[in-house]
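A.B. asks: Could you have a look at this structure, given as structure tokens, before my questions?
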Amino acid sequence: MGDMDKWPEIEKAATEKRRELVLQGTVVDKRISSNGGLTSAIYALQLLNYLEVSQCPSLTAIHEDIQNLTNLQSLILCRNKLTFFPNTIGSLKSLKVLDLSVNNLKALPEEITQLRELNSLNVSCNSLEVLPDGLSQCTKLCTINVSKNRITGFPPDLYSERLDLLSTVVASDNLIEELSGEICKLSALKVLDISNNKLSEIPSDLSYCPKLKEINFKGNKLTDKRLEKMVNGCQTKSILDYLRGKGRGRQGEDGGDADGGRNAEKKKRQQQRKKKDKVAEEQEDVEELNKMVVRVLHISDAPTALTVKVSAEVKDVRPYLVCCMVKGMNLKSGNALKRFLMAQTKLHDDLCGKRTIATIATHDVQLLKGPLVYDVKPPTQLKIVPLGRREMTAVELIRLLHLEADELRKQKKRQNVTGLHKYLQLLQGKSLYPCLVDAEGHVISFPPITNSEKTKIKKTTTELFLEVTSATSLQTCKDIMDALIVKMAELNKFTAEHQEEAVSDGEDDGAPEPAPSSEISSQLIIQQVRTTDQDGNLKVVYPSKTDLSKEIGNLTVIW
């Protein structure tokens, strides 16, 4: 492995004693290509606890010297063309996260089973046919993703009581032919996705997984056609109830004596009839629930709808804005609000490119005073009460965030910053900052950094004002807003299906109440919001007929 020239990132990491290193994209790929692989200097960075080398098609193998990086906690080698991974990986005793997704691996080294600290293993989108035996030795495993491979079955060792933290197993798009009833030994299993495989049966013992909340068996040709119909459109609870019933039925067949045989047979037929009626009834409910319905209210039907005036000055700062209002979002049940906030964060990280492409803000309509103005202010004059903080100017907030980022870096001895701090560079060099201001002059949003504590959504929020801003394009804003609304529809459907989670939020001391049947509907109502220029000329209405029009599974839009 000859090193043709110095790699500046690696020299910098060495001199500054960095703990994290990220190498990705075409520049790195060209170096790997001309060097015949990664430079050997990378394996001398023994302080590293995070290493990422991704999106480099020229990277086909990792050298066995990877064993030198004994402090690594995260190793991310996704979206390359790896065909070989050395067995020296067993030396990385501190490794917690291993991501080898989207490569050309045909096998994994058995030594992966020596990684006692491993909690996340992602080997999706490869050409694997088997998983190594001995994964039960990785007792801290929480998540395994082996989707989009050629795996025909799990090793028996995976169904082990020792894996008592394993909560997520994703194995969709493989060739799995059988799932063992031993899976019920995975006491922490919450999510199981074995969609698009070759299963003909689902073991009834699956229903004894105590924490199972989400299963996906779609796209398997099951011999039990009723069950197949259920898995293609049913909520988890109904499927597990059905499997539990089947399991009990089998026990009844095995037990009993010859004299009671005829009576048992009669009883069994009656039970089957009852069950059939119940399943048919459930199917109707499920098909109804499975439809995600979004109804759009036109501005002409709602004269009180909020409007947003856009000042001319935002053109040079962050010119694009799209808004709408949403009713019918159930945030009160169980963890519904938490799930929504997590989904928003995921959208920020993924589709919004860590807020570099666009930023989402959500507000409680009851706490807004319209009309709103999308404007710019100098940093010294932009005052806001940021989420979870006291009122301050943008200058003070930015300074405070910089201080916090530095403090955090020192404490954790890390190079990367987290939380809001990583968005600070998006405002560098700007003399004016964008903001959304209400009729009382309060700044309710300061993209891409934060929105205001004053309009923060809570479990009791019944109507939301959604805002997406971008410096990229208007279409970007619309695409992100479409994605947000689809996600909200999915979450609302999930909440409606899992009524057992409808509990008090703890802010009042009342006992948990079951949701009344009138609340089961997961329909969202989207109220159009128009944005105008300073003279009142229309800039954009969202949603318009061309929005939310992409083929989105089972989303129905009523205009």
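A.B. asks: Enumerate the residues in the range 117-141 having an amide nitrogen under 19 Å from the point lying 7 Å beyond the Cα of residue 83 toward its Cβ.
C.D. replies: From the range 117-141, the list is 125-130.
A.B. asks: Give me the compactness ratio for the range 173-216, meaning the Cα radius of gyration over 2.2 N^0.38 Å.
C.D. replies: Working: Rg = 10.2 Å, N = 44, 2.2 N^0.38 = 9.3 Å.
Taking the Cα Rg and dividing by 2.2 N^0.38 Å, one obtains 1.10.
A.B. asks: Can you compute the FRET efficiency between residue 129 and residue 474 using 1/(1 + (r/R0)^6), with r the Cβ-Cβ distance and R0 = 60 Å? Round to the nearest 0.05.
C.D. replies: Details: r = 47 Å, r/R0 = 0.79.
Approximately 0.80, to the nearest 0.05.
A.B. asks: Right, something else. At R0 = 51 Å, how high is the FRET efficiency between residue 462 and residue 177 if r is their beta carbon distance? Nearest 0.05 is fine.
C.D. replies: Working: r = 48 Å, r/R0 = 0.95.
Efficiency, rounded to the nearest 0.05: 0.60.
A.B. asks: Here is a follow-up. Starting from the Cα coordinates of the range 64-103, work out the convex hull volume and express it per residue in Å³.
C.D. replies: Hull volume normalised by residue count: 59 Å³.
A.B. asks: Next up: Amide H neighbours of residue 84 under 5 Å, counting only residues 5+ apart in sequence or on other chains, H built in-plane at 1.01 Å?
C.D. replies: The answer is 62.
A.B. asks: Expressed in nm to one decimal, what extension gain is obtained for the pair residue 65 and residue 164 from 0.36 nm per residue of sequence separation less their Cα-Cα distance? Could you put the intermediate results ahead of the total?
C.D. replies: On the way: separation 99, 0.36 × 99 = 35.64 nm, distance 3.26 nm.
Fully extending the segment from residue 65 to residue 164 adds 32.4 nm.
A.B. asks: Let me ask you something else. Could I have the simple spin-label model distance between residue 341 and residue 525, label points 7 Å from Cα toward Cβ, reported in nm to one decimal?
C.D. replies: Each label point lies 7 Å from its Cα, and together they span 2.7 nm.
A.B. asks: Here is a further query. Any idea of residue 320's accessible area? Nearest 10 Å², probe 1.4 Å.
C.D. replies: 80
A.B. asks: Can you figure out the FRET efficiency of residue 139 with residue 11, using R₀ = 45 Å and their beta-carbon distance, to the nearest 0.05? Kindly include the intermediate steps, with their values, before the conclusion.
C.D. replies: Working: r = 39 Å, r/R0 = 0.86.
Efficiency, rounded to the nearest 0.05: 0.70.
A.B. asks: Using all Cα-Cα distances in the range 1-85, what percent lands in each 5 angstrom bin from 0 up to the longest?
C.D. replies: 3, 15, 27, 29, 20, 4, 0
A.B. asks: Something else: Would you mind checking 6/346; 148/190; 377/456; 309/545; 211/478; 190/456 for any pair whose Cα atoms are more than 28 angstrom apart?
C.D. replies: From 6/346; 148/190; 377/456; 309/545; 211/478; 190/456, over 28 Å: 6/346; 211/478; 190/456.
A.B. asks: Using 0.36 nm per residue of separation minus the Cα-Cα distance, give me the extension gain between residue 224 and residue 395 in nm, one decimal. Please report the intermediate quantities before stating the final value.
C.D. replies: Working: separation 171, 0.36 × 171 = 61.56 nm, distance 6.45 nm.
55.1 nm is the gain from fully extending residue 224 to residue 395.
A.B. asks: Could I ask something else about it? For residue 117, put the label point 7 Å out on the Cα→Cβ axis and report which residues of the range 42-57 keep their amide N under 19 Å from it.
C.D. replies: Only 43-53 fall inside the zone, counting backbone N under 19 Å.
A.B. asks: With labels modelled as points extended 7 Å from the Cα through the Cβ direction, what inter-label distance (nm, one decimal) is found for residue 40 paired with residue 55?
C.D. replies: Between residue 40 and residue 55, the label points sit 3.0 nm apart.
A.B. asks: Which links in 198/218; 327/458; 315/454 stretch past 21 Å when you go from one Cα to the other?
C.D. replies: 315/454
A.B. asks: Assuming 0.36 nm per residue, please report the length gained on full extension of the stretch residue 410 to residue 312 beyond their Cα-Cα distance.
C.D. replies: On the way: separation 98, 0.36 × 98 = 35.28 nm, distance 4.21 nm.
That works out to 31.1 nm of additional length.
A.B. asks: What ³J(HN,Hα) values, in whole Hz, does the Karplus curve 6.51 cos²θ - 1.76 cosθ + 1.60 give for the range 8-22 when θ = phi - 60°, with x put for Gly and Pro?
C.D. replies: Whole-Hz 3J(HN,Hα) from phi for the range 8-22: x, 4, 6, 4, 5, 4, 6, 5, 8, 6, 6, 9, 10, 8, 10.
A.B. asks: Between residue 545 and residue 213, what is the label-point separation in nm under the 7 Å Cα-to-beta-carbon projection?
C.D. replies: 4.2
The values are calculated or read from the model by the stated rules, or taken from the named source; none is laboratory data. Since we're looking at a predicted model, the values are computed, not measured. Here the Cβ is made from the backbone with ideal geometry for all residues, glycine too, and neighbour counts use every protein chain on show. For accessibility, only protein heavy atoms count, side chains too; no ligands or nucleic acids. Shrake-Rupley method; radii C 1.70, N 1.55, O 1.52, S 1.80 Å.
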